[in-house]
Amino acid sequence: MIKRLALLCCILLLPTIAAAEGTTNYGDFWVGGQVGGLFDAKTDPAIMAGATVGYNFCMPYRPSWQRYFGVALDFQWNQLNNLKTLGNNHFVDGNQFALALLARVQYPLMGDESFTRGRFVPFIMAGPAIVWTTPNLGDNRTDPGVVAEVGFEYFVIPQLSIGPSYRFRWLSEGGGEFQHTVLARVAYHF
């Protein structure tokens, strides 16, 4: 049991040891596009699309532990299909837009000389959001919210990553509204 635990610790610490030697560079700006489906108890399933701009902190001259952290600014659009919150059994369509500032925690795995950011990178992002809802009928509204996302990136080539994510969004509207998104993202890392 102790040998297995020691082996697991060594495997998890390999990226840290490589970064400490100065042979890796995990810091970068990145931009990505995403598409997916949004699921909400108050609407029918909907299509979503968006874009993300992010920065991962670590550069060769900084401490190696910083490669675990980053930030992202995310913009998302999604359809409103049969919004059921207007009362009087009215069902309306429309659009919803969200802007979120997200903190990112990641763990680069399988890095080498070609894939200095890691080849497989699981991550968690979370932060505040502002959501604009524009139904075809009725009043527009703006609500604060919270976004949390979990997923992974797989680097196809050293600068291009693809990967699925699950995103949870909570809106303060009407005592709380929960939205769930499954998305696929393609990102280019500079």
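Where a number appears in this text, it was derived from the coordinates with a stated rule and is not lab data. What you are looking at is a predicted structure, and each value in this text was computed from that prediction instead of being measured. Here Cβ is always computed from backbone atoms with ideal geometry, including for glycine, and neighbour counts include all displayed protein chains.
Data overview
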| item | result |
| --- | --- |
| Selection of trypsin sites (Lys or Arg not before Pro), the range 109-190, meeting DSSP coil and at most 14 other Cβ within 10 Å | none |
| Proximal charge balance of Glu149 [Cβ under 11 Å; K/R count +1, D/E count -1] | +3 |
| Cβ-defined net charge surrounding Met125, 9 Å radius [Lys, Arg +1; Asp, Glu -1] | 0 |
